[in-house]
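What follows is one structure encoded as structure tokens, with my remarks underneath.
Values in this text are rule-based calculations from the coordinates and carry no lab data. Owing to the predicted nature of the structure, the values given are computational and were not obtained by experimental measurement. Every residue, glycine among them, receives a Cβ derived from its backbone with ideal geometry; neighbour counts consider all protein chains shown.
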Amino acid sequence: MTYQELINRIVQLQEEGLELFNAGKSMLGKNILATHVGDYNGTQILLQAGIHAREYITTLLLIEMARNLHNNDLVKNGGIYFVFLTNPDGAEIVLDGIDSVGCEITRNYLIMANNSSTDFSQYKANINLVDLNTNFDADWGGGAQNVFCPATEDFVGFYPNSEREVQSLINFTLRTRPLLTISYHSKGNVIYYGFEGESEENIARDQSIGEALSEVTGYPLIFTENSTGGYKDWCINTLKIPAYTIEVGDESLPHPIGEENLPEIYLRNKDVPLIALEKANEYAKEIDFTLPIVQNKSEEKKNGLHENNYLARLQSALERRSTNRRNNRS
Ligand SMILES: [Zn+2]
């Protein structure tokens, strides 16, 4: 598969009636494509994939999910955002090879970081040699595998949120107001939940929702340790919402995981968005979290609702819950 073929698969969804929009831009100015299924009113959740260059199998998974959930009555009481490919620049290098990088100095810099090899099939970072899933401002630089010098993986960047892809995903999240997020990665057939420093109350919440995701996929649920700076970590740490990383594909498969594995991966994950939305709805009720009704859909799509409104509502819902629990105990 070439990079253009991968993008064409996303764009093709438009012919099937899905609306595509940009979640933001990459360092090289590529669009980060997204879509939405269900209702813009009610609880929203967000799924993102392809933040690591070689993991484009997760992009193919989200395409399949969006296709099958479009106009599907099973999507109830809210909607689901799909961000298909958070790291398009990196995916292009993996799919089309290092010669696809037009700038000679950048190309040579990347080859040097890749142990002088021109084989970029195992590449994870963005065009700046930053591992995007370590660049988020969530205990940034505190992970066990973090490195502090440009590299094909694990380089946290020179400062938190330094990369345009990371800023794009943060801004898109604030605009779309999800109450739960899922990040798709490969590989290992496992679900990660929680973040060090998260409150016990929220860990228990995340574990309970995670168990439902574990049941439907058959993937074991594991508490995250020694990992920081990921999108999931940022969602938990900043927004205090439940967020998960799902690693698809058997550990024995080589990177990048080929499309021939998609049917099996899709089968195990096809109900994840529905269960996640259902659980997010239960949680919204529990904390009495509602969003303003969307009056003007085109305005909503263009600008999103007010981010501050979203954060303030989230915060007050969580405070209310904590106060209620304290009062119930005493
Ligand atoms: Zn990954």
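Quick notes
- Bridge type composition, the chain - antiparallel percent by DSSP, nearest 5: 40 percent
- Simple point charges give the picture: +1 on the Cβ of Lys and Arg, -1 on the Cβ of Asp and Glu, and for segment 250-289 a dipole about the Cα centre of about 120 debye.
- Less than 5 angstrom separates the built amide H of Phe155 from those of Asp131, Val147, all sequence-distant by 5 or more or on a different chain.
- Distance between the modelled labels on Met112 and Gln315, one decimal in nanometres: 4.4 nm (7 Å Cα→Cβ projection).
- Residue order, fewest to most surrounding Cβ atoms within 10 angstrom, among Thr152, Thr86: Thr152, Thr86
- The ratio of the alpha-carbon radius of gyration of the chain to the globular-protein estimate 2.2 N^0.38 Å is 0.96.
- Among Gly42, Gly24, Gly90: highest mean-square fluctuation, GNM of the chain, C-alpha pairs under 10 Å: Gly42
- Linear extension gain, Thr2 paired with Tyr266, 0.36 nm per residue minus alpha-carbon span: 92.9 nm
- Among Pro178, Pro263, Pro88: highest mean-square fluctuation, GNM of the chain, C-alpha pairs under 10 Å: Pro263
- Residue order, fewest to most surrounding Cβ atoms within 10 angstrom, among Glu259, Glu196, Glu319, Glu92: Glu319, Glu259, Glu196, Glu92
- Val11/Asn77 FRET efficiency (R0 41 Å; Cβ-Cβ; nearest 0.05): 0.90
- Sorted by Cβ neighbour density within 10 Å, fewest at the top, the residues Arg325, Arg54: Arg325, Arg54
- Structure note, pairs Lys187/Lys240; Lys124/Lys285; Lys187/Lys279; Lys30/Lys270: Cα-Cα distances above 32 angstrom occur for Lys124/Lys285.
- The chain, helix-only ellipticity at 222 nm - DSSP H runs n ≥ 4, -39,500 (n - 2.57), divided by all residues, nearest 500: -12000 deg cm²/dmol
- Helix axis angle, 104-113 relative to the chain longest principal axis, alpha carbon, degrees: 80 degrees
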